[in-house]
Every structure is written in C-alpha cells, then in structure tokens.
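**Q** Handing you a structure now.
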Amino acid sequence: MYLTSSLEDAQRETIASVSRVLDKNPELRVVPFSDEDIKDLVSSGESEIKKKFREKLYEHLDDSREEIEALISRVETECAIDFDSFRREFDEEVKRFALLNQSHVISYVLYRKHVLKLYEKALTVFSGEKAAKEDFIHNLIFPMRQQGSPADFGSNHNLWLIDDRLSMVDWIASDIPINKHEVLTGTDVSKEPDIVFYNMAYTDNANVLSESGYSEIHIVDFKRPLTLSNDPVTQISNYMFDIKNSKVLHLALEDGKYK
C-alpha cells in the first residue's frame, strides 16, 4: 500500500514537472506522449524531461518522413494501387508531419520574441554610450565588417527586424568602405554605409550580370532619434551617388563571388 502511494505521488510530481517543461517550451506540446512514456520519466528532473521530449520529437519527425517516402515509393513501384486508400494514408501522414513541424515555427516565433526584447533592452542599457549602442544594434541585425551572399551568413543575422525580404538579395556589404565592396570596381570612395543590399541584374545566363549591373540597391543607415548632425537623407543620397558612379562588375559569378 505504501509502495503504491509512493508511485502515485511520483507520477503526480512527474506530470507536474512535464507541465512546467511544456509551459517553458511550448514548441514541445506537439510531441505525442503516451502514459507509458510518462511512467518512464518518473523521478526525472526537468532538464532530463526536456531532453526526452526533444528526442521524441525528432524520432516522430523521422518516422513520419519515412512513412511519407514509403507511401510515395509504393505509388512509383506498384502496378495497381487503391488511390482512395493511398490518399487517406498520405493525408493523415502529411497532417502528422505538419503538426510536428509546428514545433520549429513556435521555436522561431519565440526566438524573434527574445530578439525583440534584447533590441528594446539595448535602446536603454547603453544610455549615453552612442558608439556601443549603435554597434550592438548593428551586429544584432547583421554582423559588422562583413560582406557576401545572404547564404554565407545562414541564420547569423536578424534582417527581419527591418524587412524579411532583405535576406533574399544577391549581396550584402555591412560596415565596409564602398571601394571595398566586392561587387564594385573603379571607385576610391572610402565612405562606409552601415549596410548596403545589392540585387544584381542578370542576362539570360543566370550567372552572368547584365550591362546595367544591378536591378536595385537598398541602403540602411542607423541613426539615433533627433540626431542633428549628418542629415540621414543627405547622407543616403551621397552614398547612392557614390555607388551609382562606381563600376559594377559584369563578370561571371564563381563560387559565390563576383570575379
């Protein structure tokens, strides 16, 4: 009787621990867990429970992916197949896979929430430290003194704070002198726009730039509110003038670089 009572207490505590883990990690709520799974977690700490839930998530994702691939393989190899039955199985598996993948969406939403909090904190924590604040915010959005294709940086940026579409341009130069922008040549201008985004114009050959060089350019320059010096409109206009008067490389794109 005492042992039964102790087990029930342990199970109740485990369920409470699982609830706390799911409250802190809502992306794990999509993970299907049975009563037997809960029993296996008895006496586990919250860290271990979270680890088990993550393992279970990826286990189910792998199983679901394999089931979808197996269903597709059946269609490709079997001469006669019941398409009504196939459609039901396929729809069920796709729904399961989509539900499990919601965990990634939830994780990314939470990530953005934390980045926004960090951004808001940065606006106040560096009170009176202009350079530190601007550098921190710049690096939070995109790494300083770097340039390349967005693919070169993977997820190491938060351009969505400005506009999600900026992560789909052809080339980004961040805190780099204009005469060092690898997509430009024939300029000795050493001014440093905060971030310049280039979309190149191509010929019918997707790897060869057209004579126009680029289809559009976006310039982002970070300014503190009510800054009286360095009028941002004039400064951006000057950057545009300097870039338009540079030559754009019209050579082939090789290994992600303009040669």
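**Q** Tell me which residues, restricted to the range 157-171, are crowded, with 16+ Cβ neighbours inside 10 Å, touching a residue at least 24 places away in the same chain (Cβ under 8 Å) and in a loop (DSSP other than H, G, I, E, B).
**A** Taking the range 157-171 first, the residues crowded, with 16+ Cβ neighbours inside 10 Å are 157-159, 161, 166-167, 169-171.
Cutting the leftovers down to touching a residue at least 24 places away in the same chain (Cβ under 8 Å) gives us 158, 161, 166, 169-171.
The answer is Asn158, Val169, Asp170.
So that you can scan it fast, the table gives a plain yes or no per residue for (1) in the same structural domain as His104 (by TED's automatic domain parsing); (2) among the acidic types (Asp, Glu); (3) at pLDDT below 80:
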position: Arg12; (1), (2), (3): yes, no, yes
position: Val21; (1), (2), (3): yes, no, no
position: Glu36; (1), (2), (3): yes, yes, yes
position: Lys39; (1), (2), (3): yes, no, yes
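**Q** Mind listing whichever residues of the range 5-50 are over 34 Å from the mean Cα position of the chain (by Cα) and of a type in the set (Asp, Glu)?
**A** Glu8, Asp9, Glu13, Asp35, Glu36, Asp40
**Q** Out of everything in the range 172-189 that is at pLDDT below 90 and part of a strand (DSSP E or B), what residue ends up being surrounded by the most Cβ atoms within 10 Å (Cβ to Cβ)?
**A** Leu184
**Q** Additional query: Determine whether the range 224-232 contains at least one residue that is assigned to a helix (DSSP H, G or I) and modelled with pLDDT under 85.
**A** Step one: filter the range 224-232 for residues assigned to a helix (DSSP H, G or I), giving 232.
Those left that are additionally modelled with pLDDT under 85: 232.
Checked against the condition, which is being assigned to a helix (DSSP H, G or I) and modelled with pLDDT under 85, the range 224-232 yields at least one hit.
**Q** Something else now. Filter the range 89-132 down to residues that are in the same structural domain as His60 (by TED's automatic domain parsing) and more than 21 Å from the chain's Cα centre (by Cα) and give me whichever is modelled with the highest pLDDT.
**A** Once the filter is applied, the top-ranked residue is Glu92.
**Q** Working only within the range 191-220, note down all residues that are at pLDDT 90 or above and not aromatic (Phe, Trp, Tyr).
**A** If the condition is that a residue be at pLDDT 90 or above and not aromatic (Phe, Trp, Tyr), then Lys191, Glu192, Pro193, Asp194, Ile195, Val196, His218, Ile219, Val220 are the ones that fit.
The values are calculated or read from the model by the stated rules, or taken from the named source; none is laboratory data. All values reported here derive from a predicted model rather than from experimental measurement. So basically every Cβ, Gly included, is an ideal-geometry build from the backbone, and we count neighbours across all protein chains shown.
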